[in-house]
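Structure, as structure tokens:
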Amino acid sequence: MGGKIFAVLVIVIAIASAVPIITHTFLGASVTPPQDISTHGAEIDKQLDETMIEAGLSFLAAQLLLGVFVWQFGGRKAGPLKNFPGGSKYLVLAALLLVGAEAIALGAMGTKAWAKVYFQPASADALPIQAQAGQFAFYFRYAGPDGKFGAIHPEKIDEGNSNFFGLDPENDIPARDDITSGELVIPVNKEIHLMMHAKDVGHSFYVRELRIQQDFVPGLDLSLHFTATKVGRYEIVCTQLCGLGHYNMKAYLNVMSQDDFDKWLKAQSS
Amino acid sequence: MRASCHCIAALAAVLCPALMFAGTISGKVTYTGTPVKQKPIDMSKEPSCAQQHPTPITTETIVTGANNTLGNVVVYISAGADDANAPSQTVTFTQKGCQYIPHVIALHTGQELQVSNADQTSHNIHPLAKVNREWNKSQPPGSPAIQEKFDQPEFISVKCNIHPWMHGWFAVLKTNHYSITGDSGGFSLPNLPPGKYTVTAWHEDYGTQTQDVTITGNETKSIDFSFKAKAY
């Protein structure tokens, strides 16, 4: 009797778990749309949906099967079970192959969306912007009218003096017209080449609407490219626990029309 | 009766030499050259602070006034007037609009310092002390003022890691004779008994300068300091 109740419980849990999966997959987009403002986001969303459907169905099937077995054998007194054909060795092997094939299939399909961002370099006319994460703020740097970034000298970092990147304008001419901003201001429909580095510990660059989440790793110069398709102001948050001010580590992504962006850039350099 | 009057006068002279021979050193701090333009501070990360500054405030590394006067210079007696005791009053340092008010404070070794947070956001006060003990305390909005003291004379750079643009200075001195210049660059060091003094002017970016001054009696000696502005 206890076995039957348990079997029903397992199936109820399975169906209850299916509710959020189904809501996400079939209603998600219309219920809570995290709007997508990127050119590559649709592919990532599609991939997430596929993963959700596949993993959701597998989960449901496994859970129902579990329920059936519990129903069937839950009340049994101890005694030998009939062997799986070929013995348990083959059972384990078959399970591994099944799960492995699913994981590989999801990975292989997902690579496409991922590779678009990571395997293709930014196009030559992408706008280069440097992003620096440090406890507990993001700063962004534009090359300025000369199109050249000044070299970085960590020992010159002087935050109280707004020298967040450690520039040396006294001796380094390209650094003199570099523009530093606490907000990532970009033109719409223009590819951005974001060059990322961490000043201290690990951080992360996450813009939900851009469908981008990339860690900053101390000691590595990481490169990211994207194109924003909608004008607006979006939040950039740090999603790697980085210290006591982590909760407050954020910045804004300000997507402007090309005209507004040019005006902004001009105002910054004057 | 007359004898007792003399007595009181003599006693006063012994007890309060500063009042009897109140020498003063005063003057102005100026700069030559063209100081670097101060940068506007981007506080977009902290909206509750950003909205307190309709026009963005700028960095306060170089604060100047008309006629090339230089502010935020700590002028103090670095030799000749060592005071053993810290004054009993508390020095206050406030965080308001994600800015330190004032930018520079001076205090005596062992003098009580009170740091308060007038903002709706958390700050952390991090004096980057090298001689004194370094500390870093977090202060959420509405929390009581932080009380601290420094034992050794030192110029300590103060920062807030949550708002990296915030920058201030604690000038910990072993004298009570100091003056911090405003935009007009003026300073005055009163109540100096006769003696030989070394006056030091300290600026966070331009460094220090010293001058020797001798006070002989009830007089005001005028000295000026002039710093060379850095182009970058």
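The values are calculated or read from the model by the stated rules, or taken from the named source; none is laboratory data. Note that the structure is predicted; figures quoted are calculated from it, not measured. Counting neighbours? That spans all protein chains shown, and the Cβs are built from the backbone with ideal geometry, glycine included.
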Seminar exercise, completed: Quick count over the stretch B:105-129, residues being within 11 Å of chain A (Cβ to nearest Cβ) and part of a loop (DSSP other than H, G, I, E, B), is 3
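How about the stretch B:103-123: which of its residues are under 16 Å from the mean Cα position of the chain (by Cα), farther than 15 Å from B:Leu173 by Cα and surrounded by 18 or more Cβ atoms within 10 Å (Cβ to Cβ)?
Step one: of the stretch B:103-123, the residues under 16 Å from the mean Cα position of the chain (by Cα) are B:103-115.
Then drop every residue that is not farther than 15 Å from B:Leu173 by Cα, which leaves B:103, B:114-115.
Selection gives B:His103, B:Val115.
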For this session: Inspect the stretch A:176-199 for any residue being β-branched (Val, Ile, Thr), assigned by TED's automatic domain parsing to the domain that holds A:Pro154 and closer than 23 Å to A:Tyr247 by Cβ and give the result as yes or no.
Result: no
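Yes/no per residue for (1) out of contact with any Phe, Trp or Tyr (no Cβ under 7 Å at 6 or more places or on another chain); (2) within 24 Å of A:Ile44 (Cβ to Cβ):
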residue	(1), (2)
A:Pro218	yes, no
A:Ile236	no, yes
A:Tyr247	yes, no
A:Lys250	yes, yes
A:Gln258	yes, no
A:Asp262	yes, no
For this session: Select from the stretch B:80-96 the residues that are surrounded by fewer than 16 Cβ atoms within 10 Å (Cβ to Cβ) and assigned to a loop (DSSP other than H, G, I, E, B) and list them in ascending order.
Result: B:Asp82, B:Asp83, B:Ala84, B:Asn85, B:Pro87, B:Ser88, B:Gln89, B:Thr90, B:Lys96
Problem set entry | Residues of the stretch B:215-232 classified as out of contact with any Gly (no Cβ under 9 Å at 6 or more places or on another chain) and away from chain A (no Cβ under 14 Å), total | 1
Seminar exercise, completed: Here, helices (runs of 4 or more DSSP H) confined to the stretch A:1-76 with at least 1 residues that are loosely packed, with under 12 Cβ neighbours inside 10 Å, hydroxyl-bearing (Ser, Thr, Tyr) and at pLDDT below 80 are A:28-31
Problem set entry | Breaking point among (1) of a type outside the set (Asp, Glu); (2) touching a residue at least 12 places away in the same chain (Cβ under 8 Å); (3) surrounded by 18 or more Cβ atoms within 10 Å (Cβ to Cβ), for A:Gly160 | (2)
Exercise. Being of a type in the set (A, V, I, L, M, F, W, C) and within 12 Å of the chain's Cα centre (by Cα), is that true of even one residue in the stretch B:190-200?
Worked result: no
For this session: Keeping to the stretch B:170-181, report how many residues are of a type outside the set (Val, Ile, Thr) and assigned to a loop (DSSP other than H, G, I, E, B).
Result: 3
Exercise. B:Ser184 fails exactly one of the following numbered conditions: (1) more than 14 Å from every other protein chain (Cβ to nearest Cβ); (2) in a loop (DSSP other than H, G, I, E, B); (3) farther than 21 Å from B:Asn68 by Cβ. What is the number of that condition?
Worked result: (3)
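When you look at A:Pro218, is it away from chain B (no Cβ under 14 Å), without any contact (Cβ under 8 Å) to a residue 40 or more places away in the chain and surrounded by fewer than 19 Cβ atoms within 10 Å (Cβ to Cβ), yes or no? Don't jump to the end; show me each part of the working.
Working: away from chain B (no Cβ under 14 Å): yes; without any contact (Cβ under 8 Å) to a residue 40 or more places away in the chain: yes; surrounded by fewer than 19 Cβ atoms within 10 Å (Cβ to Cβ): yes.
Yes: the conditions hold for A:Pro218.
Could you please find all residues in the stretch B:50-70 being over 18 Å from B:Ile156 (Cα atoms) and surrounded by 13 or more Cβ atoms within 10 Å (Cβ to Cβ)?
Of the stretch B:50-70, the ones over 18 Å from B:Ile156 (Cα atoms) are B:50-58, B:63-70.
Selection gives B:Ala50, B:Gln52, B:His53, B:Ile57, B:Thr58, B:Val63, B:Thr64, B:Gly65, B:Asn68, B:Thr69, B:Leu70.
Where residues in the stretch B:201-221 are among the hydroxyl-bearing types (Ser, Thr, Tyr) and over 20 Å from the mean Cα position of the chain (by Cα), which of them is surrounded by the fewest Cβ atoms within 10 Å (Cβ to Cβ)?
Here is the first cut: in the stretch B:201-221, the ones among the hydroxyl-bearing types (Ser, Thr, Tyr) are B:206, B:208, B:210, B:214, B:216, B:220.
Retained after the next criterion (residues that are over 20 Å from the mean Cα position of the chain (by Cα)): B:214, B:216, B:220.
On the way: B:Thr214: 12, B:Thr216: 10, B:Thr220: 14.
Ranking the candidates gives B:Thr216 first.
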For this session: Consider only pairs whose beta carbons are under 7 Å apart and that are at least six residues apart or on different chains; among these, list those whose first residue lies in the stretch A:101-117 and is surrounded by 13 or more Cβ atoms within 10 Å (Cβ to Cβ) and whose second residue is among the polar types (S, T, N, Q).
Result: A:Glu102/A:Ser58; A:Leu106/A:Thr51; A:Met109/A:Gln47; A:Gly110/A:Gln47; A:Ala113/A:Gln47
Exercise. Does the stretch A:128-147 contain at least one residue that is without any contact (Cβ under 8 Å) to a residue 12 or more places away in the chain and either of a type in the set (A, V, I, L, M, F, W, C) or surrounded by fewer than 19 Cβ atoms within 10 Å (Cβ to Cβ) (or both)?
Worked result: yes
For this session: Output the number of the condition that A:Gln213 fails; it satisfies all remaining conditions of (1) more than 14 Å from chain B (Cβ to nearest Cβ); (2) touching a Lys or Arg at 6+ places or on another chain (Cβ under 7 Å).
Result: (2)
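Could you please find all residues in the stretch B:130-169 being within 14 Å of chain A (Cβ to nearest Cβ) and either assigned to a strand (DSSP E or B) or at positive phi (or both)? Steps first, answer last, please.
So the first thing to find is which residues in the stretch B:130-169 are within 14 Å of chain A (Cβ to nearest Cβ), and the list is B:135-141, B:155-169.
Residues satisfying the conditions are B:Lys137, B:Ser138, B:Gln139, B:Phe155, B:Ile156, B:Ser157, B:Val158, B:Lys159, B:His167, B:Gly168, B:Trp169.
Could you please find all residues in the stretch B:124-144 being surrounded by 15 or more Cβ atoms within 10 Å (Cβ to Cβ) and either over 17 Å from B:Ile162 (Cβ atoms) or aliphatic (A, V, I, L, M) (or both)? Walk me through how you get there before you give the answer.
Kept after step one, since they are surrounded by 15 or more Cβ atoms within 10 Å (Cβ to Cβ), are these residues of the stretch B:124-144: B:124-127, B:129, B:132, B:138-139.
Across the stretch B:124-144, the qualifying residues are B:Ile125, B:Ala129, B:Asn132.
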Problem set entry | Extreme residue, surrounded by the most Cβ atoms within 10 Å (Cβ to Cβ), among residues of the stretch B:35-49 that are without any contact (Cβ under 8 Å) to a residue 12 or more places away in the chain and under 17 Å from A:Leu184 (Cβ atoms) | B:Ser44
